Every structure is written in C-alpha cells, then in structure tokens.
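Structure first, commentary second.
The values are calculated or read from the model by the stated rules, or taken from the named source; none is laboratory data. Predicted, not measured: the structure shown is a model, and the values here were computed from it. Cβ atoms come from the backbone with ideal geometry, glycine included; neighbour counts cover every protein chain shown. What goes into the accessible areas is simple: the full protein's heavy atoms, side chains included, and nothing from ligands, DNA or RNA. Shrake-Rupley method; radii C 1.70, N 1.55, O 1.52, S 1.80 Å.
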Amino acid sequence: MKADKMADITVTIGQENIKSIALKNNRNNLSDNKNMFKFAFEQEASSDIKYIKIGEKIALDFGNNHPDKMIIKEILLNSNGENLYGDETIVEVPFKRENNKYVFIVEKNPASFLSSVKKKTEFRGYKIIAYFGEIEYVYAFVIETDAF
C-alpha cells in the first residue's frame, strides 16, 4: 500500500455498516483518547451510533489491504464522547481473522462496574491501530451497548 493513501475500512455488525472514521496520522491526535470519539456525538452524527447487544460480533474489513499488525482498544465514553474514566481503564480487545476480515465479540467491560449510576446502556469507543509496514493508521467508531 502506498504511504500517502490510507487504507479504507468497513465496520459491520451482521449486515449493518457502522460509521467509522480514519484519523489523520498526527501523533498528538492519535494519542488523545479523551477527545478522539467526539465526532460521533456531534448533533448530526449522534443518530449514527448503533445499539449492539453484548455477545454480538463486529467485523473489520480492509478489503485487499491487510495490516501487518493491528491493535483494537475499547474505551468507555460519556454522553459527550469523552473517555469516561481515563486511560487506565482502556481494554485491549482480542480478535481473530475470519474470511479475510478481522472479527471480535462485544464483551462485558469490567470498567462498567465503576459507575455508581445504574444505567442500562453505555457508549463504547473503539480505536483500531493498524500498521502497514512502518506506517501507522488509526480508525475509530462508537457503539452503544448494554452496561452490564
């Protein structure tokens, strides 16, 4: 893959596409877990956040451009798209390759139990860090799921 062109990614749950964004390869932007998901909570975008049940499978499809290495991080978010508890509660999500896609299951998040407010659903942001050779690209998407 050429260094100047970012690989496209398609995020799906079942047959439904989930809106995702590719973040610019700017070191300050990539490390900012506090604000990187705010795009999904903007007024016109908030209706794009899909509810996903615990136990459902999410698939990441890079087409013909498969990363050499990939890390998926799950971050609990508040209703403004900010990291709810801080970097110490970020979870690395295990995934596997199936039919040329990378898949993972939405699991219960241990940090969900930190809240003293009992709620039925919560927002989760996913940060995908994909390496193509020496080049690092970051993608992000947000879902709503069951809190417990």
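Couple of notes before you dig in:
Matching residues to (1) among the small types (G, A, S); (2) farther than 25 Å from Q15 by Cβ; (3) within 12 Å of the chain's Cα centre (by Cα):
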| site | (1), (2), (3) |
| --- | --- |
| D61 | no, no, no |
| E74 | no, no, yes |
| Y85 | no, yes, no |
| R97 | no, no, no |
| A111 | yes, yes, no |
| S115 | yes, yes, no |
| I129 | no, yes, yes |
| Y137 | no, yes, no |
| T145 | no, no, no |
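- Among the residues listed as Y137, Y126, Y131, Y102, the single one being over 16 Å from E74 (Cβ atoms), open to solvent by less than 20 Å² (accessible area, probe 1.4 Å) and either of a type in the set (G, A, S) or assigned to a strand (DSSP E or B) (or both): Y137
- Any hit, the range 62-69, residues being part of a strand (DSSP E or B) and surrounded by 15 or more Cβ atoms within 10 Å (Cβ to Cβ): no
- When residues in the range 75-99 are screened for being part of a loop (DSSP other than H, G, I, E, B) and either open to solvent by 60 Å² or more (accessible area, probe 1.4 Å) or closer than 20 Å to A40 by Cα (or both), 12 of them pass.
- Among residues of the range 1-24 being under 13 Å from A140 (Cα atoms) and open to solvent by 30 Å² or more (accessible area, probe 1.4 Å), the one that is modelled with the lowest pLDDT is K24.
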